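K.L.:
Structure incoming, see below.
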Amino acid sequence: MALAAGERIAFVDGRLVAPDRPIIPYIEGDGTGPDIWRAAVRVFDRAVELCWKRKRRIVWKEVLAGEKAFKETKNWLPQETIEAFQEHRVGIKGPLTTPVGEGIRSLNVALRQKLDLYACVRPVRHFPGVPSPVKEPQKVDMVVFRENTEDVYVGFELESGKEETKDLLEHLLKKYGWHIRPDAGIGIKPISKFGSQRLVRAAIDYALARKRKSVTLVHKGNIQKFTEGAFRSWGYQLAKEEYRNRVITWEDSGGKPQKGKLLIKDAIADAFFQQALTRPEEFDVIATMNLNGDYMSDALAAQVGGLGMAPGGNINYESGYAIFEATHGTAPKYAGLDKVNPSSVILSGAMMLDYMGWSEAARKIEGGIEKTLASRKVTYDLARLMDGAEEISCSQFGALVCENMEE
Ligand code: NAP
């Protein structure tokens, strides 16, 4: 039995310890998920084999969520799936469908909340040859740390016209004098000091460990003073209290970054969107809240070739729990057509290998992707924008990455 040969990844003194045959749970995902997963898993297995021959191997364990889970168990997110991610600590998933405005809440959000995966980490960089709508996409090299458990994503919403909504409106009027239109729906936006500071701490630790230049706190604090504005203040406070000798804030630096010190600065979200297009080289590691981070990751992904190229990981650095996943969704119109770009899940897998300490395999995968892109044999999304490109399928792209990892 394959699974019996695998072992659990351990977490000792705040560090992951991966055995040579780690069991890794995976969710195939809805829509185009199965196509992408088939292409990606071949790449992961081949990269590990090329690096360590038979010494190391990942023992994959399928767990269910989304449409496949509902079909087989009548449950969208079975408890066994959550337990498997807890038991094995590190996992990977394809995209899951979330209906808009009705029905089940987002399974992605539920998974992140249940495992307290508070940091959504999304590196955004350009691969040579990938078409882009901006002139100098090579200047984009950012890592977005998006807070994953708070903000309007907590799902505390009341529908327009319902009794409980009227109750709350009445209470708000009586207690605070807040006039809100009677036909309004209401949502709550919690941003806590605890949630903000642990996210900013993760971003600063990451930036220091990788010798990055700056961490920018992105917020809309000029308008939302006690939520987004507080995020900014708590971020600066943490930087000064916990990293005094290793960082310098923009204010303390008088606008002149100091050699050997990580610069902590901030930007208002709307200005950030503009400057990320006009002066992307000024941004490096970004720390922000849930909704800003969601918008920003997709917009930045577009600058470096679109959602098909955008990897991500959801991580709790204190428990070691992590689930890696592409930034994109299920792209339902292409489901089962073996058509979409599997790079985002392949690169998410490379992030996972890095996180496990198997960085050699991660570099191998990145090299394989780079070589494949340079050959101009690419999936439809890139082929339609690239001069002289040959369009190949999702599975052919995966196979070509495997070939290109060989040398
Ligand atoms: P989407 O699935 O991300 O697709 C939007 C568009 O992005 C696609 O039509 C396609 O563009 C492009 N795209 C996405 N994945 C691609 C890939 N692998 N290769 C090439 N192009 C790709 O967004 P959506 O249509 O808004 O959402 C569909 C469902 O996914 C929804 O239920 C949503 O809630 C869910 N979702 C899940 C996650 C998650 O599981 N983490 C994340 C986001 C959304 P073109 O049409 O231009 O070809």
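The values are calculated or read from the model by the stated rules, or taken from the named source; none is laboratory data. Given the structure is predicted, the values throughout are model-derived calculations rather than measurements. Neighbour counts run over all protein chains shown; Cβ positions are idealised from the backbone, glycine included. The accessibility values were calculated without ligands, DNA or RNA, using every heavy atom of the protein model including side chains. Shrake-Rupley method; radii C 1.70, N 1.55, O 1.52, S 1.80 Å.
K.L.:
So which pairs qualify, if the first residue must be in the range 119-140 and at pLDDT 90 or above, the second must be aromatic (Phe, Trp, Tyr) and not in a loop (DSSP other than H, G, I, E, B), the Cβ gap must be under 7 Å, and the two must be at least 6 apart or on different chains?
P.N.:
Ala119/Phe145; Val121/Phe145
K.L.:
Cβ-Cβ below 6 Å, separation at least six or inter-chain, first residue in the range 334-359 and closer than 14 Å to Ile58 by Cα, second in a loop (DSSP other than H, G, I, E, B) and at pLDDT 95 or above: which pairs?
P.N.:
Met356/Ala18; Gly357/Ala18
K.L.:
Checking the condition farther than 20 Å from Gly398 by Cβ, over 22 Å from the mean Cα position of the chain (by Cα) and aliphatic (A, V, I, L, M), which residue from Ala69, Ala110, Ala65, Ala84 passes?
P.N.:
Ala69
K.L.:
Quick one: which residue in Leu107, Leu96 is of a type in the set (A, V, I, L, M), in contact (Cβ under 8 Å) with a residue 60 or more places away in the chain and within 18 Å of Gly313 (Cα to Cα)?
P.N.:
Only one candidate qualifies: Leu96.
K.L.:
Looking at Leu382, is it away from the ligand (no atom under 14 Å from the Cβ), under 23 Å from Ser297 (Cα atoms), of a type in the set (A, V, I, L, M, F, W, C) and surrounded by 18 or more Cβ atoms within 10 Å (Cβ to Cβ)?
P.N.:
Considered against the rule, which asks whether it is away from the ligand (no atom under 14 Å from the Cβ), under 23 Å from Ser297 (Cα atoms), of a type in the set (A, V, I, L, M, F, W, C) and surrounded by 18 or more Cβ atoms within 10 Å (Cβ to Cβ), Leu382 comes out as no.
K.L.:
Same structure again: Could we say that Lys61 is surrounded by fewer than 16 Cβ atoms within 10 Å (Cβ to Cβ), more than 16 Å from the ligand (Cβ to nearest atom) and free of Cβ contacts under 8 Å to residues at least 60 places away in the same chain here?
P.N.:
no
K.L.:
Specify the residue that is modelled with the lowest pLDDT; the eligible residues are those in the range 306-323 that are closer than 17 Å to Asp294 by Cα and in a loop (DSSP other than H, G, I, E, B).
P.N.:
Of everything passing the filter in the range 306-323, Gly306 is modelled with the lowest pLDDT.
K.L.:
Follow-up question, since we're still on this one. What's the total number of residues in the range 82-109 that are assigned to a helix (DSSP H, G or I) and either away from the ligand (no atom under 14 Å from the Cβ) or surrounded by fewer than 18 Cβ atoms within 10 Å (Cβ to Cβ) (or both)?
P.N.:
Summing the residues that are assigned to a helix (DSSP H, G or I) and either away from the ligand (no atom under 14 Å from the Cβ) or surrounded by fewer than 18 Cβ atoms within 10 Å (Cβ to Cβ) (or both) in the range 82-109 gives 8.
K.L.:
Say we look at the range 302-323 and pick out the residues that are of a type in the set (A, V, I, L, M, F, W, C) and open to solvent by 20 Å² or more (accessible area, probe 1.4 Å); which of these is nearest to the ligand (Cβ to nearest atom)?
P.N.:
Leu307
K.L.:
Any residue that is acidic (Asp, Glu) and either within 14 Å of the ligand (Cβ to nearest atom) or not in a loop (DSSP other than H, G, I, E, B) (or both) - is there at least one of those in the range 173-194?
P.N.:
no
K.L.:
Strands (runs of 3 or more DSSP E) wholly in the range 205-271 with at least 3 residues that are closer than 29 Å to Pro190 by Cβ, touching a Phe, Trp or Tyr at 6+ places or on another chain (Cβ under 9 Å) and not acidic (Asp, Glu) - which ones?
P.N.:
The strands (runs of 3 or more DSSP E) meeting that bar are 214-219, 262-268.
K.L.:
Taking the stated definitions as given, is Glu28 on the phi < 0 side of the Ramachandran plot, more than 23 Å from the chain's Cα centre (by Cα) and either within 16 Å of the ligand (Cβ to nearest atom) or surrounded by fewer than 23 Cβ atoms within 10 Å (Cβ to Cβ) (or both)?
P.N.:
no
Per-residue answers, yes or no, for (1) open to solvent by 10 Å² or more (accessible area, probe 1.4 Å); (2) under 21 Å from the mean Cα position of the chain (by Cα):
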residue: Lys259; (1), (2): yes, no
residue: Lys265; (1), (2): yes, no
residue: Phe272; (1), (2): no, yes
residue: Ala276; (1), (2): no, yes
residue: Arg279; (1), (2): yes, no
residue: Ile286; (1), (2): no, yes
residue: Met289; (1), (2): no, yes
residue: Asn292; (1), (2): yes, yes
residue: Asp298; (1), (2): yes, yes
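K.L.:
Look through the range 324-375, keep the residues that are aromatic (Phe, Trp, Tyr) and outside any helix (DSSP H, G or I), and return whichever of them is farthest from the ligand (Cβ to nearest atom).
P.N.:
Once the filter is applied, the top-ranked residue is Trp358.
One line per residue, one yes/no per condition, for (1) away from the ligand (no atom under 16 Å from the Cβ); (2) open to solvent by 70 Å² or more (accessible area, probe 1.4 Å):
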{"site": "Ala10", "(1), (2)": "yes, no"}
{"site": "Val17", "(1), (2)": "yes, yes"}
{"site": "Ile23", "(1), (2)": "yes, no"}
{"site": "Thr32", "(1), (2)": "no, no"}
{"site": "Val41", "(1), (2)": "no, no"}
{"site": "Glu49", "(1), (2)": "yes, yes"}
{"site": "Arg54", "(1), (2)": "yes, yes"}
{"site": "Lys74", "(1), (2)": "yes, yes"}
